[in-house]
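Input: a single structure, listed below in structure tokens.
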Amino acid sequence: MDVKDLNELRGEFEQLQKREMEAASAEGSCATDEESREDYPDYMIAMYEEVMPPAKAGIYFSRWDLKAMAAEMDESFALDIRERMFKNYMQWVATPDDMQLVMTQFKKHIDIKCDIYKDYSKKYPSSKEIFDKKIKKAESTKKYLDKVFIEFFT
Amino acid sequence: MQDDLKNEQLARVNIYALISRILMNEVDEKLLELILKDENILSFFPEFKKWDKRKKMSNKDLIEKELNVDFTNLFLLHLIPYESFYIREDQQMETGGDNPVQALYNDFDFRVELDEARVMSADHIGVELEFMYKLCEAEYKALEDGEETIAAEIAEIQYNFLKNHLLEWAPMYLLNVKSEAGTAFYFDAADLALEFILSDFEYLTQLKDSEYSYKTIAGDK
């Protein structure tokens, strides 16, 4: 099979996938972003599994981001493995008010990144679809943060 | 090949070569001298150009005391330059043969020497940019040989690779590199890489919309 055949096959497969996805969406059989999020017994696990993965949040929260978010709340901890830093950041939370502060930091960070995505979308319109997907995930993540707060802190 | 088209294609080849090299491994004195001596290349590094430390330190000291430290932080320690981390919901890296990017490389006979490249996996940003470099090089050669149909097929592979791979994750990573860079050099390198892949995707989208008619694209300029 030569390169041309491979490319044709790939193109046909992508079209087939696209048609199937569009048909599923039209039937309403695709879960909304909120519905596709899992439930967890613990808020820390919930946030680590649903907010920290770039694939789910549309945003990359790095170790330095966690450190910077904590600094905004006058908290400080050493750079470490990302998961451990996340736990250090969350272990500070003792009350609903504490959690609100943490949520505010996450949302502020999400908004900053989404604004950057929007700027690039305007400058490079062909990339709008790509950035819109990330922005949609980010907005869904903000709603998920609200859900976590209601579920575990009210 | 028309001169405008030739220059545009050569520029794409050279910029992909430059950014893949810079984001793959530490800068050495040879590369740094090349960047500093060539005004065209240096113009891609505006903050580095006016950076005080660059003017006060020897190239050797600049590399050892500043650039290498920053490279270690941005590419080895604190940030993750591998696609699978950003695509997988479990935040894991796929270093084995199941990596979809590796499978794609195999389809096009692009061999990655992980040891030589000193990367853990084929979906490292430097390797993915090198793949684009090789594709652009092949496209340029096809155009030089008058093989526009083959060039168009290669351009389509580039378009799909940017859309389905690099642009899915590299913006997230490069934005963090920009905000966490400790040196003007890597700030500019991340900015250059991000702006370039986005503008190249604009170009490839325009080319695709013209049904890969190079004459139409060249005529638009």
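The values are calculated or read from the model by the stated rules, or taken from the named source; none is laboratory data. Computed from a prediction, not measured in an experiment: that's the story for all the values here. Glycine gets a Cβ as well: all are built from the backbone with ideal geometry, and neighbour counts include every protein chain shown.
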- Message: Any residue that is surrounded by fewer than 17 Cβ atoms within 10 Å (Cβ to Cβ) and more than 30 Å from residue A:47 (Cβ to Cβ) - is there at least one of those in the range B:88-103?
- Response: yes
Of those in the range A:69-85 that are of a type in the set (A, V, I, L, M, F, W, C) and without any contact (Cβ under 8 Å) to a residue 40 or more places away in the chain, the residue farthest from residue B:73 (Cα to Cα) is A:73
Just one listed residue, out of B:188, B:200, is surrounded by 21 or more Cβ atoms within 10 Å (Cβ to Cβ), more than 9 Å from chain A (Cβ to nearest Cβ) and out of contact with any helix residue (DSSP H, G or I) (no Cβ under 6 Å at 6 or more places or on another chain), and it is B:200
Okay, helices (runs of 4 or more DSSP H) sitting entirely in the range A:1-115 with 3 or more residues that are under 22 Å from residue A:136 (Cβ atoms), at pLDDT below 95 and not assigned by TED's automatic domain parsing to the domain that holds residue A:145, I get A:3-27
When every residue in the range B:160-181 that is under 17 Å from residue B:71 (Cβ atoms) and among the charged types (D, E, K, R) is compared, the one farthest from the other protein chains (Cβ to nearest Cβ) is B:178
Per the filter on the range B:68-84, residues assigned to a helix (DSSP H, G or I), within 20 Å of residue B:166 (Cβ to Cβ) and either charged (D, E, K, R) or without any contact (Cβ under 8 Å) to a residue 60 or more places away in the chain (or both) are B:75, B:83, B:84
Note on residue B:140: of the conditions (1) surrounded by fewer than 20 Cβ atoms within 10 Å (Cβ to Cβ); (2) away from every other protein chain (no Cβ under 12 Å), unmet is (1)
Scanning the range A:65-90 residue by residue, the ones that are under 21 Å from residue B:175 (Cβ atoms) and buried (at least 17 other Cβ atoms within 10 Å of the Cβ) total 9
